[in-house]
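Only one structure is covered here, and it is reproduced in the block below.
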Amino acid sequence: MEEGSVIEVERLDANEGDKVELTDVLLLADGARVTVGSATVPGAKVTAEVVAQGRGPKVTIFKYKSKTRQRTKTGHRQPYTRLAIQEIVTAEKRAQVKAEAKPTEETAERKPAATRARAKAEAKPTEKTAEKKPATTRARAKAEAKPTEKTAEKKPATKRARVKAEAKPTENTTESKPKRAPRRKATSHGT
């Protein structure tokens, strides 16, 4: 493709008249010089304008299986976007444009970023830097907790063991579960 040519691509989410940048350039050819990218050409991009959104010609799909009366007929129209190529930019062209661009008065007056950040910090100290962060809730709870007498029983480590320990009947309870009758073996009836 060249600047000024019109191409059709897979449908893009853009309205008519919008400008689109295509950055995935796979190959560049400038006369006798050809540049092939490993995946894409670095620094290359294509600027295009959306001319129209449309649908391609209808394609008929007809499936047929003999002797079974099986027939299916469907149609399809592929959506596309028509683009007018305005500019093809390479890494070399970008470097030339940047070199030609002269620094304006605003950029000459601007301070370096480090100086601006230092001046901003000196201008107004924030409350966050002045205050010390409080300890986490767990650390605070540990510090506030006083050593207590250890109980005779230790808590079981696992959840299953805890549930078993809670389910054990205490000495005060006199209730006991009724035992289930043993299951009978299945007997085979004589033949």
*Only listed residue being surrounded by 12 or more Cβ atoms within 10 Å (Cβ to Cβ) and farther than 30 Å from Ala95 by Cβ, chosen from Arg69, Arg55, Arg11*: Arg11
*Search region 5-39 for residues being within 27 Å of the chain's Cα centre (by Cα) and assigned to a strand (DSSP E or B), and hand back the single one that is modelled with the lowest pLDDT.*
Ser38
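Taking the residues in region 40-52 that are touching a Lys or Arg at 6+ places or on another chain (Cβ under 8 Å) and part of a strand (DSSP E or B) as candidates, determine which candidate is surrounded by the most Cβ atoms within 10 Å (Cβ to Cβ). Steps first, answer last, please.
We begin by selecting, within region 40-52, every residue touching a Lys or Arg at 6+ places or on another chain (Cβ under 8 Å); these are 43, 47-52.
Now narrow it down to the ones that are part of a strand (DSSP E or B): 47-52.
On the way: Thr47: 15, Ala48: 26, Glu49: 16, Val50: 18, Val51: 15, Ala52: 12.
Within region 40-52, the match that is surrounded by the most Cβ atoms within 10 Å (Cβ to Cβ) is Ala48.
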*Six or more apart or on different chains, Cβ under 7 Å: which pairs go from a residue in region 53-76 that's part of a loop (DSSP other than H, G, I, E, B) to one that's surrounded by fewer than 10 Cβ atoms within 10 Å (Cβ to Cβ) and small (Gly, Ala, Ser)? Could you list them?*
Lys58/Gly75
*Hey, Arg77 hits all of (1) basic (Lys, Arg); (2) on the phi > 0 side of the Ramachandran plot; (3) modelled with pLDDT of 95 or more but one; which does it fall short on?*
(2)
_Complete set of residues in region 27-52 that are more than 14 Å from Val89 (Cβ to Cβ) and in contact (Cβ under 8 Å) with a residue 40 or more places away in the chain_ = Val51
*Hey, Asp24 under 14 Å from Val89 (Cβ atoms) and surrounded by 10 or more Cβ atoms within 10 Å (Cβ to Cβ) or not*: yes
*Mind checking whether some residue in region 49-65 is modelled with pLDDT under 90 and in contact with an Asp or Glu (Cβ under 7 Å, 6 or more places away or on another chain)?*
no
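The values are calculated or read from the model by the stated rules, or taken from the named source; none is laboratory data. Here the structure is a predicted model, which is why all the values come from computation and not from measurement. A quick note on method: Cβ atoms are made from the backbone with ideal geometry, for glycine too, and the neighbour counts reach across all protein chains shown.
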